[in-house]
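Following: one structure in structure tokens, then a few remarks.
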Amino acid sequence: MTYVFTCEKCEESREEIRSLSDMPQDGSLICSCGSRMWRDYGKEQAGVRQASDQTYGHKISIAMECDRDQVAENMKFDREHGLAGTEYRCTEDGLGAGPVYTSRLHQKRYEESRGCFNKDGGFGDSQPE
Ligand SMILES: [Zn+2]
């Protein structure tokens, strides 16, 4: 998985090849200028768009969308609820970020952790309590 980080100050971008378990805890890196570099979802998506939407691995949930600055918070929540490694990508309009479900089970667990359910789902999908 290639992640793109962009410095908040000098706007330098850096590509990092990492596994999800190797991601920095707060989602940022330190730039050579000393400022923080944050995940750049826009640039990441530009590079992988072709492969998107073909597989479950790239199903971005619009329903569970959050603000891009809430991603770090969501990743912390995920770690505390057995969903560590859930990836977030920016949504079509570039304003928000949604979790990327890797399977139906992942989707079910993610939605249930938030007290939600998939109203269009069938047996085996998350259900209301
Ligand atoms: Zn910098």
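No value in this document is a laboratory result; all are computed from the given coordinates. As the structure is a prediction and not an experimental result, all values here were calculated from the model. All Cβ positions, even for glycine, are placed from backbone atoms using ideal geometry, and neighbour counts span all protein chains on display.
Could I have the simple spin-label model distance between residue 21 and residue 81, label points 7 Å from Cα toward Cβ, reported in nm to one decimal?
Reported label-point gap for residue 21 and residue 81 is 2.3 nm.
At R0 = 25 Å, how high is the FRET efficiency between residue 32 and residue 2 if r is their beta carbon distance? Nearest 0.05 is fine. Show your work: numbers first, answer last.
Values: r = 19 Å, r/R0 = 0.77.
Efficiency for this residue pair is about 0.80.
What does the charge add up to near residue 13, with Lys and Arg as +1, Asp and Glu as -1, over the other residues with Cβ less than 9 Å from its Cβ? Mind dumping the intermediate values first?
Working: positive: 14, 43; negative: 11, 12, 15, 40.
Around residue 13, the surrounding residues sum to -2.
Around residue 96, what is the net charge, scoring Lys/Arg as +1 and Asp/Glu as -1 over all other residues with Cβ under 12 Å from its Cβ? Please report the intermediate quantities before stating the final value.
Details: positive: 68, 89; negative: 65, 67, 69, 92, 93.
Once all neighbours under 12 Å are counted, the net charge is -3.
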